[in-house]
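First the structure, in the form of structure tokens, and then the observations on it.
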Amino acid sequence: MSRKTVVCVVGTRPEAIKMAPVVLALRSQNYFDVKVLATGQHSTMLDQALAHFKITADVNLHIMKEKQSLDHITSSVLTGAGEYFDKIKPDAILVHGDTTTTFASALAGFGRKIPVGHVEAGLRSGNMYLPFPEEMNRVLTDRITTWAFAPTELAKENLLREGTSEDMIHVTGNTVIDALFYTVKSKSKNSCSELSRLPEDAPFLLVTAHRRESLGKPLEDICSALTMLLDAHPELWMVVPMHKNPLVRETMRKHLETREKVLLCDPLDYPDFVWAMNASKFILSDSGGVQEEASAIKKPVLILRDVTERPEAVEKGSGILVGLDKEKIFSNAMGLLENKNLITEIENKCNFQPFGDGTASIKIAEALKGYFEKH
Ligand code: UD1
Ligand code: UDP
């Protein structure tokens, strides 16, 4: 049997972290010739994430612009990925998640009748504007794909309800758990300069926020809730690795820059972020990936969103959906800070891994191999 060429597409930090184990799993089998196409929707954050897994992109389209529009990302990825596919003529394309890179590169594959596999298929919030534009990106990408790699049974049910035929769906677990296990094995202590000001054993909360729909007033409210917490608990520290989006950074700096116990820092390398998740008292975040990781390590996470496409994180994991109201964020965080039993209750609830056991990437590689052996 001839080797099959598979292009794995990545554009942003979470795609890199969650596609990296797939790249490594495919490369571990001689059967595949694996190429990595970076769109460069994120510049530094993408490179930072890939470096941890020792993956170098075969080509980088470098499309990122400051404060870029969705039109810019869509059109430049569609054209750039299309040109690369014309040159390489891959047997399959793998995309991950719900970014505009995901959808536009899947569309470029569809336009050339190249089969597309969607890693992390089937997530749904049920609201096309929450998260925006991710929910639409997921739906459109799932219409295009030949292989839907669903992380959970619930994601599979979402796909079946929309008419995806069962033989196209493979429930694999989420590849973020593979990435997490890989990372925990490789490093367990933080050594980064960003965190050097944090006293040893200081109690701290870990905070991230970046969503497009949270920019403006919702993010202002998140920051106000954080300052209310700092006032109520003067012993408390906060680690806030700021997303590179200037709109996020401006707001965070405005509210938090003068607070002595707040470490407003650049995005952390993945191993340091994993260290911070583990060492924190709990996490506040609007991130998708962090909901999954926090559940896997049994760390409470206050989800700073009104809906989640990862209900497993709330029902079976460590997530608490608190919304974007500053009083609600504050009162939920105070509840966790002042009632230790609540944290133990959450830890006890996470008695199995809703997002898989760290073998998702191997399952994806096996499914692709099985397909090509038959076709
Ligand atoms: C993107 C994805 C979102 C995903 C998030 C992960 C889209 C539309 N959004 O959102 O689904 O959850 O990534 O973080 O696909 N920037 C830099 N350097 C970087 C990265 C970003 O300077 O390394 C700045 C640029 O000014 C850029 C802005 O951040 O224009 C926004 O980046 P963009 O990819 O458009 O949106 P995100 O909010 O990062
Ligand atoms: N992450 C990281 N460094 C940071 C913040 C987050 O490595 O400073 C990781 C985090 O562990 C998770 C991923 O980035 O795996 C989430 O990315 P993001 O929140 O940007 O995107 P989302 O998951 O919301 O799409």
Quiz item: Quick check: is even one residue across region 15-24 β-branched (Val, Ile, Thr) and within 18 Å of Ala104 (Cα to Cα)?
Solution: no
Self-check item: Every residue from region 31-50 that is in a helix (DSSP H, G or I) and more than 10 Å from ligand 1 (Cβ to nearest atom)
Solution: Leu50
Self-check item: helices (runs of 4 or more DSSP H) wholly inside region 51-151 containing at least 1 residues that are of a type in the set (D, E, K, R), within 12 Å of ligand 1 (Cβ to nearest atom) and in contact (Cβ under 8 Å) with a residue 24 or more places away in the chain
Solution: 134-144
Exercise. Just give me the residues in region 246-263 being within 16 Å of ligand 1 (Cβ to nearest atom) and either β-branched (Val, Ile, Thr) or buried (at least 18 other Cβ atoms within 10 Å of the Cβ) (or both), in sequence order.
Key: Val248, Thr251, Met252
Quiz item: For region 310-355, which fully contained helices (runs of 4 or more DSSP H) count at least 2 residues that are surrounded by fewer than 17 Cβ atoms within 10 Å (Cβ to Cβ) and not hydroxyl-bearing (Ser, Thr, Tyr)?
Solution: 326-338, 340-349
Quiz item: Can you name the residue in region 79-103 that is over 20 Å from Tyr371 (Cα atoms) and within 16 Å of ligand 2 (Cβ to nearest atom) and is also surrounded by the most Cβ atoms within 10 Å (Cβ to Cβ) among such residues?
Solution: Thr101
Exercise. Would you mind stating whether Lys298 is over 29 Å from Lys349 (Cβ atoms), touching a residue at least 24 places away in the same chain (Cβ under 8 Å) and of a type in the set (Lys, Arg)?
Key: no
Exercise. Within region 278-293, track down each residue that is within 16 Å of ligand 1 (Cβ to nearest atom) and in a helix (DSSP H, G or I).
Key: Gly288, Gly289, Val290, Gln291, Glu292, Glu293
Quiz item: Regarding Ile329, is this residue aliphatic (A, V, I, L, M) and over 14 Å from Val207 (Cβ atoms)?
Solution: no
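Just so you know, all these numbers are worked out from the coordinates, no wet-lab data involved. Owing to the predicted nature of the structure, the values given are computational and were not obtained by experimental measurement. Don't worry about glycine lacking a Cβ; one is built from the backbone with ideal geometry, like all the others, and counts go over all protein chains shown.
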